[in-house]
Amino acid sequence: MINYILRRLLYVFPVLLGVNILTFVLFFVVNSPDDMARMQLGDKHVSQEAVDNWKVQRGYDLPLLWNEGVSGLSKAQETIFFKKSISLFLLDFGLSDSGRDILSDISQRMWPSLALAIPSLIVGLLVNITFALLLIFYRGSYLEYGGLFLCIALMSISGLFYIIAGQYLVGKLLVLTPISGYAPGTDAFKFIILPVLIGVVGGLGAGARWYRTLFLEESSRDYVRTAKAKGLSDLNVLFRHVLKNAMIPILTGIVVVLPLLFMGSLITESFFGIPGLGSYTIDAINRQDFAIVRSMVFLGSFLYIIGLLLTDLSYTLVDPRVRLD
Amino acid sequence: MFPPLGLFVLCLLTTSCTDIVLNNPYSQQESQKAVIYSSFSERPKHLDPARAYSSNEYAIIAQVYEPLFQYHYLKRPYQLVPLLAKEMPLVSYYGHSGEKLPRNTSAARIAYSEYYLSLQGGVQFQPHPAFNLALHKALPNEWDRQSLNSLASNTRTLTSDDFIYQIKRLADPATQSPIAGLMKNYIVGFADFMQAQGVLQKEQPHLRKAERLHSLNLSGVRKIDDLHFIIRIKGKYPQFLNWLAMPFFAPMPWEADAFYSNAELVKKNMTLDWFPIGTGPYWLKENNPNRRIVLEKNPNFHLETYPAEADTIFKKMGLLHDAGKKLPLTEKVIFSLEKESVPYWNKFLQGYYDVSGISSDSFDQAVSFSATGNIGLTQDMQDRGISLQTAVTTSSYYFGFNMMDKVVGGDSDSARLLRQSISIAIDYEEYISIFQNGRGVPAQSIIPPGIFGHVSGKEGVNPTTYRWQEGYKRRSLEEAKVLLTKAGFPSGRNVKTGEQLVLYFDTMDSGPDSKARLNWLRKQFRKLNIELVVRATDYNRFQEKMRNGSAQMFMWGWNADYPDPENFLFLLYGKNAKALHGGENASNYQNAEFDRLFEQMSSMNNTAERQVIIDQMISISRKDAPWVWGFHPKAFSLHHAWYKNSTPNLMANNKTKYVRVEPIARKAYQNKWNQAVIWPLVIGLFMLLLLVVPAVISYRKIERATAL
């Protein structure tokens, strides 16, 4: 097991290096250091001298990938790519191009994202699984047909509609929660209840249908028939046996996203004014802030790899037959 | 505070719970104070006055920093009055040999101008830990490292050194001030200081910024004593006074740079760019640019009172009600992050924001047009006590021709007639109606209303594209076609080759939102049987095309830095051509006579003689038509009944201190508009329970059923 974990962790370096190179190339195909400088300096009265000065101050006056002006190893080292990339592997994200400390920004903004994402995940999971199991329980009845119809209907509506309709109905017409905003601590409750509710309702259709498929497959197994033959009630069979045996695919879907939860949700956070990380990357792309873009892509890739590793490890916890060698 | 969960659940279960507000996004204590609730949609990039240059940044720093002068709140045309200065400056002129010249000397003979500036005495900076010099060496271990407010603060009296230090900061290459390039053309010694600082920064990179700036003198800025100093500029440049009224020239204590140079503070994003230190009516208490920015009344604010004089129109509006009262009139300003317009608008209607603009989504809900075309508020807005303020902004949005282009550019009669023809065909009245909801005034020239040099009425008509018929009447399409024929393109075809004329519009608008606008533009050209090809690119490539002069036609805009015609006419000055000199003349327009008049006009005071020259310049530019003059946007803003003393002042950025709010009235309105509606939830719960019944019946049936 330890060998397996070490091997998987070693894979991280080439993957992250590849992601870093790809991000660098894609970013600088679209934007040049001059463009970045002009974006940061604004539209008015910007001279080429100011642009050159900005590049010197921020370290963008070097060649991108290869420096012909120097010799030896410095050809690779005295470049924007090397200077800006090497610190990432030490998880030192440095300053953004607008001068803010990126790690400090991330550590400040991740908490509101988590405050929204964790309840959405837990409540959503409970509701989806319960709803899916009930669909199985009432299989072949009008309740199942009604439930499936509801799922299809929920899936057919755009996520943005749920947000606008939810804000209109709950925030504006019923006046039960603030339409948008955020406060730290326990005061956050009144701000996140509506986005969590919307997230759960918006995800119910697809989630319940996905879990229903898993449970349907499980419920046709021999052990289910045996359990029923032994006189267990249907509810018992579903919630105690079918659910437990369907945990592997459920875990696959959940554990992999756990580390990414703090990365936030772009649209939900924008509409509800939640100061999370959801818009951090997209804002940086719009502002051509390469320092943030590379840091966030790097971090996202790293967390995704960790998520996949955790998923593999979790298999051994829920299914004793799985061995990682 | 949110009521306990139990109460919330209880409310859901009972319909008798009627007097409860559940949706207040602010704390109850805050809601009952004289607090202004505002918002920002994008976090400000910079709060350092040497770097900030956009309206969302000025909304904050102009309340914290104070320059020497400000625009009178209630007088038009805009008038500069002293702020930190004791009086308006004494300006002296000097010749090339250093001799003092009389005030009426022509600009050509003036080699230098000196501004003798006197400061108010006894002005103190806001309390700030930067003035606690012990903290410059090390931060105390017991500090919570969360907020600067928990560090021991101190203050100090403002002196002329603080202004001089800020001008040095503007010149410092490390500051990256956007106006450094401009100021080095004016302030004596600025360019040398820039260069010397650049060298010093390279040679001694570990030297702290404050020490580095102190180590060299800027020859054009001279201290007389603690309350007096002199700025020497090249030539005569009356607009320099307007620059002195901008936050760029607000005083900065050296202690600020010394304090914020601590690496630990930088790691915490506690920098001068995010936590200002000023003398203004407010100080920045909280800066979470991802959630909210809070300004609080500066306890050290010097005595400044609400204006006692006003133009008649403002007197009639009751804007002298608070005359003589000590400023600021509110305790706190809270800017909340609101990225989307829909929730912002709804919160404004709920009374949780004091002021709102009107987005196109909510325009019909807020504004109605009478049968005579007058603009008013809808009944719903009136019932809420909301008032509407409109003002033509000091901005120009135009359609430009690249004068370096072979087809539409140049000084030939053919190209000029082609541009004039297109200028008639592009119907900006229709554009304003469709895309601006009527919020704009078709431009007759480059100078917007409210700026000296603008002429309204019959005398102000642009004869190239309009005629006067009890108002501005756009010339007919037939007249445009005649001009097009004269230009050598009868029916839109080249008279020599017979080929259809194809023109290119360069833009960075390529998304679905811009499709309607681009189609409309194609339609305008189709009227002349000209095919318009849209060349859409991203922002960077578009800017690049503009810089190297390869765009053919484009749309662009300009917001005034200060209320002087020079700040608009310089957009057509030949030496400012973007492709040739990197300036702001995006059309690359060059006309020797226009340039000569510009040089004459730019150093003049606002006199009848200056107006004559401006009229000549406008006449030349109208004839040459390097722009389709486009429109001047109209700003619409809505205010709640409890928000007082608001008036459009497009030049003043420090308006917040004049505003008064009535928190008791606001609270009453908020309670009235935000009563929680519980009964639909109770009915919903009841319906859900009804759904459970068939489920239970079905469950019992399944449980009782036999296996076979």
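Assuming a viscosity of 1.567 mPa s and a temperature of 4 °C, what translational diffusion coefficient in µm² per second does Stokes-Einstein assign to region A:171-297, Rh being the Kirkwood radius over Cα pairs? D = 71 µm²/s. Cβ crowding within 10 Å, taken as a proxy for footprinting-reagent exposure, orders A:268, A:23, B:305, B:105 from fewest neighbours to most as B:305, B:105, A:23, A:268.
Only Cα pairs under 8 Å and at least 6 apart count here; give the relative contact order of region B:83-193 as a rounded whole percent. Result for region B:83-193 is 19 percent. Rg and Dmax of region A:33-165, both derived from C-alpha coordinates alone, stand at 26.3, 77 Å. Need one word for region A:104-318: rounded, prolate or oblate. Basis is the Cα gyration tensor (sqrt eigenvalues a ≥ b ≥ c); a/c below 1.5 gives rounded, then a/b vs b/c decides. Oblate, because a/c is 1.5 or more while a/b does not exceed b/c. For chain A, averaging the sequence separation of C-alpha pairs within contact (under 8 Å, six or more residues apart) and dividing by the residue count gives a relative contact order of 24 percent.
Placing unit charges on the Cβ atoms of the charged side chains and taking the dipole of chain B about its Cα centre, the candidate lying farthest along the positive direction among B:483, B:454, B:337 is B:483. The charge dipole of region A:104-318, taken about its Cα centre with unit charges on the Cβ atoms of Lys, Arg (+1), Asp and Glu (-1) only, comes to about 500 debye. Counting, for every residue in A:177-190, the Cβ atoms of other protein chains within 10 Å of its Cβ and taking the mean gives 6. With contributions of -39500 (n - 2.57) from each DSSP H run of at least four residues, the per-residue ellipticity at 222 nm computed over chain A stands at -21000 deg cm²/dmol. Between the listed residues B:551, B:573, B:562, the Cα displaced farthest toward the positive end of the dipole of chain B, a dipole computed from Cβ unit charges relative to the Cα centre, is found at B:551. Based on the convex hull around the alpha carbon atoms, the protein assembly as shown presents an average projected area of 51.6 nm².
Just the Kirkwood number for region A:2-90, please: inverse of mean 1/r across all distinct Cα pairs, in Å, one decimal. The answer is 15.1 Å. Among A:9, A:143, A:65, the order by Cβ neighbours within 10 angstrom, fewest to most, reads A:9, A:65, A:143. Please list, or write none, the lysines whose alpha carbon is within less than 16 Å of the alpha carbon of residue A:83, excluding same-chain residues fewer than 8 places away. Counting by Cα, and skipping residues close in sequence, residue A:83 has these lysines nearby: A:55, A:75. About the centre of its Cα atoms, the protein assembly as shown shows a dipole size close to 1380 debye [charges on the beta carbon of Lys, Arg (+1) and Asp, Glu (-1) only; nearest 20 debye]. Using only alpha carbons, chain B has a radius of gyration to Kirkwood radius ratio (Rg to Rh) of 1.03.
Over region B:31-81, the pair-distance histogram of Cα-Cα distances with 5 Å bins from zero comes to 4, 16, 19, 18, 20, 16, 6, 1 percent, rounded to whole numbers. To the nearest 0.05, how large is the calculated FRET efficiency for residue B:55 and residue A:206 if R₀ is 51 Å and r is the Cβ-Cβ distance? Efficiency for this residue pair is about 0.75. Put a plus charge on the Cβ of each Lys and Arg, a minus charge on the Cβ of each Asp and Glu, and nothing anywhere else: the dipole of region B:395-635 about its Cα centre is then about 800 debye. The relative contact order of chain B, computed from alpha carbon pairs under 8 Å that lie at least 6 residues apart in sequence, is 18 percent.
The trypsin sites (Lys or Arg not before Pro) of region B:394-430 that meet both conditions, a loop assignment by DSSP and at most 16 other Cβ atoms within 10 Å of the site Cβ, are B:406. Gyration tensor over the Cα atoms of region B:49-268: the corresponding equivalent ellipsoid has semi-axes (square roots of 5 times the eigenvalues, largest first) of 32, 21, 15 Å.
Listed from fewest to most Cβ neighbours within 10 Å, the set B:303, B:74, A:303 follows the order B:303, A:303, B:74.
Note on region B:395-635: Kirkwood radius taken over Cα pairs, Stokes-Einstein applied at 20 °C and 1.002 mPa s, translational D equal to 118 µm² s⁻¹. Sparsely packed loop sites in region A:1-109 (the chymotrypsin sites (Phe, Trp or Tyr not before Pro) outside DSSP H, G, I, E and B with at most 16 other Cβ atoms within 10 Å) comprise A:66.
What are the trypsin sites (Lys or Arg not before Pro) within region B:483-545 that DSSP puts in a loop, where the Cβ has at most 11 other Cβ atoms within 10 Å? Taking region B:483-545 and a limit of 11 other Cβ atoms within 10 Å, the loop trypsin sites (Lys or Arg not before Pro) found are B:496.
Computed from the coordinates by the stated procedures, all read-outs in this text should not be read as laboratory data. A quick note: this is a predicted structure, and the numbers were derived from the prediction, not measured. Cβ coordinates were reconstructed from backbone atoms using ideal geometry, including for glycine residues, and neighbour counts include every protein chain displayed.
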